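Here's the structure, in structure tokens; my notes come after.
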Amino acid sequence: MDSKEVIQQNRDYTLFSWSVQSQANPIHIAGGKGAYFFDGDGNHWLDFSSQLININVGHQHPKVLEAIKKQVDELCFAAPAFASKPRGELGKRLAEVTGLAKSFFTLGGSEANENAIKIARLYTGRDKIITRYRSYHGATMGSMTASGDPRRWAVEPGIPGVVRAFDPYCYRCPFGKQPDWCHRECVSHIEEIIQMEGPHTIAAILVEGITGSNGLLVPPDDYYPKLRALCDKYGILLIDDEVMSGFGRTGTYLATQHYGIQPDIVTCAKGLTSGYMPLGAVIVSEKIAQHFENTMLWGGLTYSSHPVSCAAAIANLDVYEEERIFDNVNSLGHHLGQRLEAMKAKFDCVGDVRYIGLFSVIELVRNKETREPLAPFNGSSPEMQKLAAYLKSKYIYAFVRFNMVWVCPPLVISQEDLDKGLDVYEEALALVD
Ligand code: PLP
């Protein structure tokens, strides 16, 4: 079967997610190594999006592959009511790296957020969840409702009890302020929301550690300490969705670790196994874990805590440590930041660049002064399409959404490959400048 036939069969018999089917234009991915994947025609693509910002240790890492094969030979399945060696070992590892107590395993990030909401409601006896507008928490009913961005519209009214707040989006501050002279209205207005909704009704504030697919919103340094204090003041749980920002993407296990705070619940997936097997986790604090000692935890699926997924995650964590992946993220992240700042200085169309570790975005504008976006919110434009098409024509795989283009390569990328991709980004920016 040649590549064309593979694509045709996919189109004939399967539905593509997040797509108008007649417009879906998939690449046939046939293999990969490190920062590259290979298409069915033998082209090597530099994966500047780490697939869905998840294949953190790179494509086809031999250590993770070996662990999966070994686990398949030993024990392929255990129902979630059973104990298994990889399940316990992974739980211990996650407690160590997050400072939390116990993990509830899921199949991915959406289901992790779904369960985090349920756990927060069961634990507090309260209903409401505060989330932010520029957020994405998943595509199941609850997690999609909890998301703030337009992807949630498809399921509305969705689950009850979700209340939304504005984001720490300093480049386009919803309060018309600047971080060096504001009063952190992005936090204080949440307190007003809490008071107006009734503090006794709010179970949790659910936020992405660093907002990912809504444009890399890196908050001011005191944002999280203030949000943590707000949660403590009203007995509200802080749920930290680290599905995209966690597990090395920013150079730490959790993005919130940069800010010295401890969430009550962490959700994760993606970089937990680097995508080698489906797995997510809801990691809870000691006090929440204790609560479920004598009360029922309602939930769990047939494939929860799948031993092969847990084994893949353990090997993935071993790779992080043995190959000192965070060191690479921190040093290349510094270099990436410098190159992005240089692009901002060089191109009129670059309004803002935001980055932390190997998690970054370029925000494009028509006019630097007015900050008019190069494509409308929730839309596209000929310029953004041109930029995306150029990157594709050079076999750079990139995530482009609205007026933004992301730079999120696998965490094992070399500086040479990073620069190679960034040079092509510069050529693409020159085309729309
Ligand atoms: N939360 C965040 C922050 C995400 O970026 C995503 C996916 O992109 C999810 C949750 C959903 O995770 P999954 O696709 O594994 O269900």
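Key figures
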| item | result |
| --- | --- |
| Debye intensity ratio in log₁₀ form over the Cα atoms of region 265-387, taken at each q of 0.09 Å⁻¹ | -0.49 |
| Inter-part distance where region 145-201 and region 383-419 are each reduced to a Cα centre, Å | 30 Å |
| Coarse-grained scattering of region 31-171 at q = 0.10 Å⁻¹, given as base-10 log I(q)/I(0) from a Debye sum over alpha-carbon atoms | -0.54 |
| Cα gyration tensor shape of the chain, rounded if a/c is under 1.5, else prolate or oblate by comparing a/b with b/c | oblate |
| Considering only the chain, percent of DSSP beta bridges that pair antiparallel, nearest 5 | 65 percent |
| Set of region 262-290 residues, backbone N closer than 19 Å to the point 7 Å along the Cα-Cβ line of F77 | 277-280 |
| Nitroxide proxy distance, nm - points 7 Å out along Cα→Cβ at T370 and E5 | 5.4 nm |
| FRET efficiency, H189 to A30 (Cβ-Cβ, R0 35 Å, nearest 0.05) | 0.10 |
| Mean residue ellipticity (222 nm) of the chain, computed from DSSP H runs ≥ 4 via -39,500 (n - 2.57), nearest 500 | -12000 deg cm²/dmol |
| FRET efficiency, 1/(1 + (r/R0)^6) with R0 41 Å, evaluated for N294 and H334 via beta carbons | 0.25 |
| Stretch gain in nm, segment T201-W153, where the contour uses 0.36 nm per residue and the Cα spacing is subtracted | 14.9 nm |
| Net lengthening on full extension, K287/D232 (0.36 nm per residue, minus Cα-Cα) | 18.4 nm |
| H44 versus K85: modelled label distance in nm, points set 7 Å from Cα along the beta carbon direction | 3.7 nm |
| Label-reachable residues, region 397-433, where backbone N falls under 16 Å from a point 7 Å from D348's Cα toward its Cβ | 429-433 |
| Region 3-30-region 307-357 distance, computed between alpha-carbon centres (Å) | 30 Å |
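Every number here is computed from the coordinates shown, using simple stated rules; none is lab data. All values reported here derive from a predicted model rather than from experimental measurement. Note that each Cβ is placed from the backbone with ideal geometry, even for glycine, and that neighbours are counted across all protein chains shown.
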